[in-house]
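Here's the structure, in structure tokens; my notes come after.
Just so it is clear, none of the values below were taken in a lab; they were calculated from the coordinates. These numbers come from a predicted model, not from an experiment. FYI the Cβ positions are ideal-geometry reconstructions off the backbone, even for glycines, and counts take in every protein chain you see.
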Amino acid sequence: MIKVNAITKTYGSSDTAFQALKGVSFTIEDGEFVAIMGPSGSGKSTLMHILGCLDTPTSGTYLLDEKDVSTLTDEELADIRRLHIGFVFQAFNLLPRTTVIRNVMLPLVYAGIPEAEREDRSRKALLAVGMTETHFAHKSNQLSGGQIQRVAIARALVNDPSLILADEPTGNLDTKTGEIVLGTFQKLNREHGRTIILITHEHDVAEYAERIITLRDGVIVSDSKSHARKRAQLHQGYDGQAKHHET
């Protein structure tokens, strides 16, 4: 799905130039769950913007579904972001006084999908992340933090994107609620085959993924499988924890 080859990203010029990425290369296969982690200033946010087609590299190539992103027009990039990438952010970015189901419908409205189909697809996306129909008519400001983030995940899913890009999705959540949200990503990856890239600065969060790419000072310092035993334990507890904690 993704092939990144020797990409660099430089901000500024001459004496003020700062190289945020310094020749980063990796591939991500369809259906992988990958965490990209590193401390502040490591280059992970810059890499996230490039992977999400929100920015372009200074040099090197980024292939998404075999398309060279650097050759695409602004309109084509906007289409990729709208149709092929589902974004989940730390700040949720839901409309607080709009119902859960209408928040999830928004990408379909922009895509010009008929209303009946919008509602059906939104219901399926919400059910896929563990929300119940009793929540659909609630305003998003009436939900817990974990529920809000799961609605945000459903919104990212509703256009059936080939890639879900989650930027520090548990940053505003307590530990228990964060476990539930990360368990939702595991469930989507394992049971629905979703390709997920998780951006984080926390190693404990990164271990929910199958693979961890670690950045430091703009270069990859490690790329390895995470601990399968811990992932299995976390996934095992997802359904029970979610029901108990979110009631």
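I'd like the distance between the alpha-carbon centres of the stretch 169-221 and the stretch 97-167, rounded to an integer number of Å. Centre-to-centre (Cα) distance: 20 Å. Taking N as the residue count of the stretch 3-56, its C-alpha radius of gyration divided by 2.2 N^0.38 Å amounts to 1.22.
Site pair residue 202 and residue 8 shows an inter-label distance of 3.5 nm when each label is modelled 7 Å from Cα along Cα→Cβ. Within the chain, the longest run free of exposed loop sites, counting GluC sites (Glu not before Pro) that sit outside DSSP helix and strand states (H, G, I, E, B) and have at most 14 other Cβ atoms within 10 Å, spans 67-201.
The phi torsions of the stretch 53-69, fed into the Karplus equation with coefficients 6.51, -1.76 and 1.60 and a -60° offset, translate into couplings of 6, 9, 8, 10, x, 6, 8, x, 10, 10, 9, 10, 6, 6, 9, 7, 4 Hz, rounded to whole numbers, with Gly and Pro shown as x. Once Kirkwood radius over Cα pairs in Å is calculated for the structure shown, the corresponding label among [x] 20.5; [y] 19.3; [z] 18.6 turns out to be [z].
Using the beta-carbon distance between residue 111 and residue 141 and R0 = 25 Å, what value does 1/(1 + (r/R0)^6) give for FRET efficiency, to the nearest 0.05?
Working: r = 26 Å, r/R0 = 1.02.
Rounded to the nearest 0.05, the efficiency is 0.45.
Cα-based radius of gyration for the stretch 95-174, normalised by 2.2 N^0.38 Å, reads 1.03.
Label-to-label distance, residue 160 versus residue 82, with points set 7 angstrom from Cα along the beta-carbon direction: 1.8 nm.
Pairs with C-alpha atoms separated by more than 27 Å, drawn from the list 22/187; 67/124; 22/225; 9/67; 139/176, are 22/187; 67/124. A DSSP coil position with no more than 16 other Cβ atoms inside 10 Å describes the following trypsin sites (Lys or Arg not before Pro) in the stretch 83-187: 97. Using 0.36 nm per residue and subtracting the Cα-Cα separation, the extra length available between residue 174 and residue 222 on full extension is 14.5 nm.
Give me the percent relative contact order of the chain, please, defined on Cα pairs under 8 angstrom at least 6 residues apart.
27 percent
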